[in-house]
Amino acid sequence: MGVSSGLRRNIPPAPLFFERGDGPYFFDVDGHKLLDYTLGWGPLILGNNHPAINAAVRDQLSRGYTFGAQHRGEIELAELLAGLLPGVERVMFSNTGTEAIQAAIRLARAFTGRSKIMKFEGHYHGWLNNVLVSYRVKPSDACQPLSNCGGQPHAEFSETMVLPWNDVSALETAFHNFPQEIACVITEPLLVNGGGCLPSSGYLDALVQLCRQHGAVSIFDEVITGFRIALGGAREYFGVEPDLSVYAKALAGGFTLSAVGGRAAAFSTLDDGRTIHAGTYNGSPINLAAAIATINELSRPGVYDQMHRCGISIREAIEREATTNGLPLVTVGLGSVFSVHFGLAEAPRTYRDVLAVDAPRYERFRLALLNEGIYLLPDARWYIGAMHGETELEFTLQAIHRAMRQVSN
Ligand SMILES: Cc1ncc(COP(=O)(O)O)c(C=O)c1O
C-alpha cells in the first residue's frame, strides 16, 4: 500500500513522497517546495532542521543512543515538565501518544481497582482496540461503543463506555448508573482530532469535579493541545487540573516521545508494585534531548503570541474570503491549531454537529491550496508553528484569496 499509517492512504491527488524539510517548508521528490501547515500531523512545532534541536540531538548522539537505564536527561525533562505543567507532580515517559494513553488508563485502573473506561464520541485516543471506539460515527448511529475498523473483537472494548461530549448531564447519568465501576474518564480538552469543537464554558471543570466526586480518575488527552495551545497546554489555558494528562506530538518537536503527567497519588501504584509501566525505548536519551531543546525554545518570550497571531490572521482571512464569496464557513480552534468547517453557519458544539460539514468543498479548497504551494492535512485541521513568519503569512493570505474564489462555485 506504500504508506506507513493507514490515515495517509488515498490522500488525493496521491500520497506525496518527501525528500527533506527545512523550517516551514517540505520538499517533495518531484522538486516542489511546499509551505507546510501539517507539521507532520502536529509534532513539528519548530519546523524541520531547527538548529537548537539539531545541536541537542547531535550532542546526545555522541554520548549514546540508548541505555535501557536511567540517565540525567530523564530527571532534567521530568523537572522541566513538573515546573511548567500546572498540577503535574510526577511524569513517566513512553514513545507514542497511543502508548501513553494506555499507560494512563492502566494507572487509573490500578489506582481505582475498577475496569470501565469512559470516552466520548468523535474523540481519538490512538489506534488500540479499547479506545478506537466511536471515533467515526454516522448520523444514523446510536451513541454507543462502536468499533472503527476490522480486527476489533467486541470483548476488547466491552469495558469502554461512550458518551456525547460537552454534556454534563450525560456524565452525571453515567456515574449514577454505574456507581463504583468507572475507573477513568478520558477526553481531549479541546476536540481537535475529530473536528474542531470547543468545550462549553465550565464543562472541563465539571468533568474533573464529577470524577473526583465519584472516585474516578480524570484524564486529559493533550497529545495535540499539549505545548500547543499554551506552554502548559490545556491545564494552563483553561485553568483546570485533571488527575492525569497525556502528552506527545509537540513535546519533542518531531522526535518520538510521549509522557503521562499528573498528581503524585495516581503514580503510587507503580511505587508499590500494584502495576507496571515498561518499554525498551522509554526515556530514550536522544528523544529526551530533543524535547528539552524544544521546550527551551518554546519558553522564549513571545513565541506563543506570535504563533497565535499567525493562526488568528489565517483564520480571519479564510472566514473573510468565504463571506466575500458567499460561502457558509466557520473556523474553530485555539491559537496555533484550528479546523476549517465549510457548510456550517455556527461553531459545532459536539462531534455530531461536525458531521454536517461540506467535506467535498474543503477537499477542493485543500487541493487548490496545494496547487498554490501550500501543504495541508486532509481533515481540515491546520497547525501553525513558531517558524511561520511574516513572509509565510503573506504568501498564505494571497493563496487563500485565490483558492476560495476557485471553490466558490
Ligand atoms: C488526540 C490524540 N490522542 C492520541 C493520539 C495518538 O498518538 P500517536 O499517533 O502518537 O500514537 C493522537 C494522534 O493523532 C491524537 O490526535
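Within the option set Q60, Q70, Q102, being in a loop (DSSP other than H, G, I, E, B) and in the same structural domain as P179 (by TED's automatic domain parsing) holds for one residue only, Q70. Within segment 199-237, the set of residues being within 21 Å of G83 (Cβ to Cβ), assigned to a helix (DSSP H, G or I) and acidic (D, E) comprises E236 only. Looking across G302, G343, G333, G283, one residue alone is of a type in the set (G, A, S), in contact with a Ser or Thr (Cβ under 7 Å, 6 or more places away or on another chain) and at pLDDT 95 or above. It is G333.
Here V91, V137 are screened, and the one residue that is assigned by TED's automatic domain parsing to the domain that holds M161, in a loop (DSSP other than H, G, I, E, B) and more than 16 Å from the ligand (Cβ to nearest atom) is V137.
Criterion applied to A403, A356 was being small (G, A, S) and surrounded by fewer than 21 Cβ atoms within 10 Å (Cβ to Cβ), and the one residue passing it is A356. If the condition is being within 14 Å of the ligand (Cβ to nearest atom) and either of a type outside the set (A, V, I, L, M, F, W, C) or not assigned by TED's automatic domain parsing to the domain that holds G113 (or both), then segment 200-224 contributes D221, E222.
All of (1) over 25 Å from A216 (Cα atoms); (2) in contact (Cβ under 8 Å) with a residue 12 or more places away in the chain; (3) away from the ligand (no atom under 16 Å from the Cβ) hold for R72 with one exception: (2). Of F267, F238, F227, all but one fail to be closer than 22 Å to P348 by Cα, away from the ligand (no atom under 13 Å from the Cβ) and among the hydrophobic types (A, V, I, L, M, F, W, C); the exception is F238. Taking first residues from segment 215-233 that are touching a residue at least 24 places away in the same chain (Cβ under 8 Å) and partners that are within 11 Å of the ligand (Cβ to nearest atom) and among the polar types (S, T, N, Q), the Cβ contacts under 7 Å between residues at least 6 apart in sequence or on separate chains come to F220/T187; D221/T187; I224/N193; G233/T225.
Among the residues of segment 119-131, is there at least one that is farther than 22 Å from Y237 by Cβ, in a loop (DSSP other than H, G, I, E, B), away from the ligand (no atom under 16 Å from the Cβ) and among the small types (G, A, S)? So far as segment 119-131 goes, no, none of its residues is farther than 22 Å from Y237 by Cβ, in a loop (DSSP other than H, G, I, E, B), away from the ligand (no atom under 16 Å from the Cβ) and among the small types (G, A, S).
How many residues are within 16 Å of the ligand (Cβ to nearest atom), within 17 Å of L7 (Cα to Cα) and among the hydroxyl-bearing types (S, T, Y) if we restrict to segment 140-174? Of the residues in that region, 0 qualify.
Take I295 and decide whether it is under 30 Å from A52 (Cα atoms) and of a type in the set (A, V, I, L, M, F, W, C). Yes; evaluated as a whole, the condition is true for this residue.
R309 meets the conditions (1) outside the structural domain of T256 (by TED's automatic domain parsing); (2) within 21 Å of the chain's Cα centre (by Cα); (3) touching a residue at least 24 places away in the same chain (Cβ under 8 Å); (4) not in a loop (DSSP other than H, G, I, E, B) in every case but one. The failed one is (3). Would you call H50 under 23 Å from the mean Cα position of the chain (by Cα) and either closer than 22 Å to S258 by Cβ or among the β-branched types (V, I, T) (or both)? For H50, the condition - under 23 Å from the mean Cα position of the chain (by Cα) and either closer than 22 Å to S258 by Cβ or among the β-branched types (V, I, T) (or both) - is met.
Just to be sure, is Y351 within 24 Å of the chain's Cα centre (by Cα), of a type in the set (F, W, Y) and under 25 Å from D30 (Cα atoms)? Taking the combined requirement at face value, the residue does not satisfy it. Are any of the residues in segment 20-34 in contact with a strand residue (DSSP E or B) (Cβ under 7 Å, 6 or more places away or on another chain) and closer than 20 Å to A248 by Cβ? For segment 20-34, residues in contact with a strand residue (DSSP E or B) (Cβ under 7 Å, 6 or more places away or on another chain) and closer than 20 Å to A248 by Cβ: present.
Would a scan of segment 384-407 turn up a residue that is assigned to a strand (DSSP E or B) and over 24 Å from G302 (Cα atoms)? Among the residues of segment 384-407, not one is assigned to a strand (DSSP E or B) and over 24 Å from G302 (Cα atoms), which makes the answer no.
Scanning segment 16-28 turns up no residue that is within 16 Å of the ligand (Cβ to nearest atom), out of contact with any Leu (no Cβ under 6 Å at 6 or more places or on another chain), assigned by TED's automatic domain parsing to the domain that holds S339 and touching a residue at least 24 places away in the same chain (Cβ under 8 Å).
Of everything in segment 222-258 that is among the basic types (K, R) and closer than 21 Å to N48 by Cα, the residue that is surrounded by the most Cβ atoms within 10 Å (Cβ to Cβ) is R228.
Test A108 against the criterion of being away from the ligand (no atom under 14 Å from the Cβ) and closer than 30 Å to A69 by Cβ, and give yes or no. Spelling it out, A108 is indeed away from the ligand (no atom under 14 Å from the Cβ) and closer than 30 Å to A69 by Cβ.
The values are calculated or read from the model by the stated rules, or taken from the named source; none is laboratory data. Source: prediction; values computed, not measured. Neighbour counts are summed over all protein chains in view; Cβ atoms, including those assigned to glycine, are modelled from backbone coordinates with ideal geometry.
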